[in-house]
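Notes for the one structure printed next.
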Amino acid sequence: MVENRPVLTFLAHALLVLGILVMALPIWIVLVTSSQAPQDVLTAPIPMWFGDRLVENYLAVLGHGLTRSSSGPVAPMMLNSLIMAVSIAMGKIAISILSAFAIVYFRFPGRMLAFWTIFVTLMLPVEVRILPTFEVVANLGMLNSYAGLTIPLIASATATFLFRQFFMTVPDELAEAARVDGAGPMRFFFDILLPLSRTNIAALFVILFIYGWNQYLWPLLVTTDERYYTIVMAIQRMLTAADAEPEWHFIAAVAMLAMLPPVLVVLLMQRWFVKGLVETEK
Amino acid sequence: MEKRVVFRQRGLPYLLLMPQLAVTLVFFIWPASQALWQSMLVQDPFGFATQFVWFENFRALFGNPEYTHSLRVTAVFSFAVAFSGLAIALLLAAMADFVIRAATFYKTMLIWPYAVAPAIAGVLWLFMFNPAIGIIAWLLGGVGVDWNHQLNGGQALLLVIIAATWKQISYNFLFFLAGMQSIPRSLIEAAAIDGAGPVKRFVTLVFPLISPTTFFLLVVNLVYAFFDTFGIIHAVTEGGPAQATTTLVYKVYRDGFIGLDLGGSAAQSVVLMAIVMALTFVQFRFIERRVQYA
């Protein structure tokens with residue numbers, strides 16, 4: 001602090017605390033709602049403190065799903081989300097680190113063409129090519145499968161750029177020494193480059209896990225079979241189905257379960273998260 | 001910048017690039033070129049014959065009042081989300097930067113909404129504003145405001161703007177705070193010794209110095225509001241009531257996937273591609289100036 005200004009300092013703390021409370025208010029409401037009995041959350045004002053059905057409600061949605069809208073249990077959906085998030089994160093990291101290695105450590109015809117082809121993916125998010133991408137996936141017979149949920153999303157220009165930037169900072173002497181000692185390129189990659197990239201991989205994994213878990217439009221397009229629903233996309237169906245007779249206490253529990261894993265990842269791995277966020281934007 | 005030391009194997013780099021390039025070509029380049037091609041085709045109602053019509057689909061698109069309405073909705077939505085998200089985050093970051101000692105604590109408390117999926121963020125705010133059970137809708141009713149976003153288009157738009165902003169504040173906050181903390185303390189102290197108070201220092205020193213961050217965030221926020229908010233709109237309003245919240249991305253989805261209008265949807269995709277390309281270009285054109293401080 002540059003100078004001592006008690007009033008201003010107090011004001012700053014007050015504003016920050018207010019900000020935190022406003023940010024957290026919706027979570028509090030939903031958390032509290034998820035612990036109520038159905039008849040307590042039919043009309044406003046709903047209770048602002050916990051009811052006595054917390055464990056019961058969560059067990060019910062995990063094991064059976066919503067009562068009236070026959071949504072299916074939520075536990076398998078969370079498993080699907082987990083499979084999708086981990087596959088996308090690992091797939092993106094694997095194919096990006098390999099292509100960055102090729103682009104940085106080799107000279108070959110078509111190198112710049114490959115680089116620009118990867119770059120172009122930045123400009124083509126799923127949202128702008130919905131229908132044709134769906135047709136490709138349908139023609140390949142990948143609808144309603146884990147392959148269809150993950151493979152079309154694993155091309156990543158940002159991850160490739162991140163590894164490219166990082167490889168550029170690795171001293172040339174390391175590659176030279178490896179070559180003098182008779183190590184081939186793959187040996188150099190696995191024994192030297194990969195261990196050096198650990199922090200970058202960890203940071204990317206956190207960001208990409210959240211990206212994969214939070215996918216919405218893509219699972220909505222490629223899954224019609226309940227066995228492949230992810231929890232984030234399924235909540236919309238529960239809302240629409242619940243329009244006539246809403247089961248708010250269950251929907252609240254599902255919403256809590258859908259945000260718990262990525263929020264925990266951010267809070268527990270904050271250092272990696274911040275690093276990943278800042279670096280992928282460079 | 002190029003590496004001095006390279007390996008000489010001939011086939012290996014192609015092998016290494018293959019997985020990434022295969023996914024890119026099959027799921028990105030090919031569908032995008034399909035969209036370009038289809039945007040110039042018209043299919044008869046039974047799908048028996050298609051005709052090449054040059055830019056007819058685009059002319060029809062911009063002549064369609066529904067589409068121009070959706071353009072206006074997207075513009076209002078995006079600028080409202082970007083502006084309010086940046087303003088609130090800037091205020092909070094300035095406060096956190098002022099109380100240096102506790103900044104890390106406040107950072108932890110403010111960054112977690114980034115991890116919440118857009119669709120879930122929408123559901124969270126739906127709980128607050130639902131006409132039957134929402135606490136805010138109930139409070140508004142108490143002061144004579146009849147809140148029902150299922151009927152009132154303006155209220156529906158406001159609701160999705162709030163949910164989208166709420167989710168984006170963390171991201172902006174993080175970058176603003178990083179930008180402010182990278183300003184040399186000596187600059188701030190020099191200004192303080194010269195008699196500049198905190199407000200004056202912010203206006204004449206801090207804000208100009210973080211302007212590259214602000215500009216970068218503006219672009220990122222616009223991209224977010226354009227493309228990543230589909231989940232919020234689909235889960236909360238489904239584009240309604242009466243298309244009051246139908247953004248361009250939601251319209252592509254509805255016309256193409258539910259309306260099955262091939263040429264029209266492809267033409268809309270091409271317009272969106274042009275928008276992303278313009279935004280990406282702007283972002284990369286100015287990226288060097290940003291890295292200096294961020």
With respect to the numbered conditions (1) more than 8 Å from chain B (Cβ to nearest Cβ); (2) assigned to a helix (DSSP H, G or I), which one is the sole condition not fulfilled by A:A102?
(1)
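Condition first: surrounded by fewer than 15 Cβ atoms within 10 Å (Cβ to Cβ) and either assigned to a helix (DSSP H, G or I) or facing chain B (nearest Cβ under 10 Å) (or both). Now tell me which residues in the stretch A:21-41 satisfy that.
Taking the stretch A:21-41 and keeping what is surrounded by fewer than 15 Cβ atoms within 10 Å (Cβ to Cβ), we get A:21-22, A:28, A:37, A:39.
Selection gives A:L21, A:V22, A:W28, A:Q39.
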Tell me, yes or no, whether the stretch B:110-118 has at least one residue that is out of contact with any Asp or Glu (no Cβ under 6 Å at 6 or more places or on another chain), open to solvent by less than 50 Å² (accessible area, probe 1.4 Å) and more than 7 Å from every other protein chain (Cβ to nearest Cβ).
no
If we keep only residues of the stretch B:1-35 that are under 13 Å from A:A102 (Cα atoms) and within 28 Å of the chain's Cα centre (by Cα), then the residue most open to solvent (accessible area, probe 1.4 Å) is B:L21
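Conditions (1) under 14 Å from A:A85 (Cα atoms); (2) more than 10 Å from chain B (Cβ to nearest Cβ); (3) open to solvent by 10 Å² or more (accessible area, probe 1.4 Å); (4) modelled with pLDDT of 90 or more, marked per residue:
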{"site": "A:V180", "(1), (2), (3), (4)": "no, yes, yes, no"}
{"site": "A:F190", "(1), (2), (3), (4)": "no, yes, yes, yes"}
{"site": "A:S197", "(1), (2), (3), (4)": "no, yes, no, yes"}
{"site": "A:I201", "(1), (2), (3), (4)": "no, yes, yes, yes"}
{"site": "A:I210", "(1), (2), (3), (4)": "yes, no, no, yes"}
{"site": "A:N214", "(1), (2), (3), (4)": "yes, no, yes, yes"}
{"site": "A:T223", "(1), (2), (3), (4)": "no, yes, no, no"}
{"site": "A:E226", "(1), (2), (3), (4)": "no, yes, yes, no"}
{"site": "A:Q236", "(1), (2), (3), (4)": "no, no, yes, no"}
Residue that is farthest from A:I154 (Cα to Cα) [pool: residues in the stretch A:105-140 that are basic (K, R) and at the interface with another protein chain (Cβ under 7 Å from one of its Cβ atoms)]
A:R107
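Name the single residue, out of those in the stretch A:53-99 being among the hydroxyl-bearing types (S, T, Y) and not in a helix (DSSP H, G or I), that is surrounded by the most Cβ atoms within 10 Å (Cβ to Cβ). Outline the logic, then answer.
First, the residues of the stretch A:53-99 that are among the hydroxyl-bearing types (S, T, Y): A:58, A:67, A:69-71, A:81, A:87, A:96, A:99.
After this cut, where a residue has to be not in a helix (DSSP H, G or I) as well, the list is A:67, A:69-71.
Working: A:T67: 13, A:S69: 20, A:S70: 10, A:S71: 24.
So the residue we want is A:S71.
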Candidate set: the stretch A:255-282, residues that are buried (at least 24 other Cβ atoms within 10 Å of the Cβ) and among the hydrophobic types (A, V, I, L, M, F, W, C); chosen: the one modelled with the lowest pLDDT:
A:F273
Going through the stretch B:151-182 in order, the residues found to be open to solvent by 10 Å² or more (accessible area, probe 1.4 Å) and farther than 30 Å from B:I100 by Cβ are B:L151, B:N152, B:G153, B:G154, B:Q155, B:L157, B:L158, B:I161, B:I162
Among the numbered criteria (1) more than 27 Å from A:L98 (Cα to Cα); (2) touching a Ser or Thr at 6+ places or on another chain (Cβ under 8 Å); (3) hydrophobic (A, V, I, L, M, F, W, C); (4) open to solvent by 30 Å² or more (accessible area, probe 1.4 Å), which one does A:A252 miss?
(4)
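The values are calculated or read from the model by the stated rules, or taken from the named source; none is laboratory data. What you see is a predicted model, and the numbers here were worked out from it, not measured in a lab. Don't worry about glycine lacking a Cβ; one is built from the backbone with ideal geometry, like all the others, and counts go over all protein chains shown. To get the accessible areas, we keep the full protein, side chains included, count just its heavy atoms, and leave off ligands, DNA and RNA. Shrake-Rupley method; radii C 1.70, N 1.55, O 1.52, S 1.80 Å.
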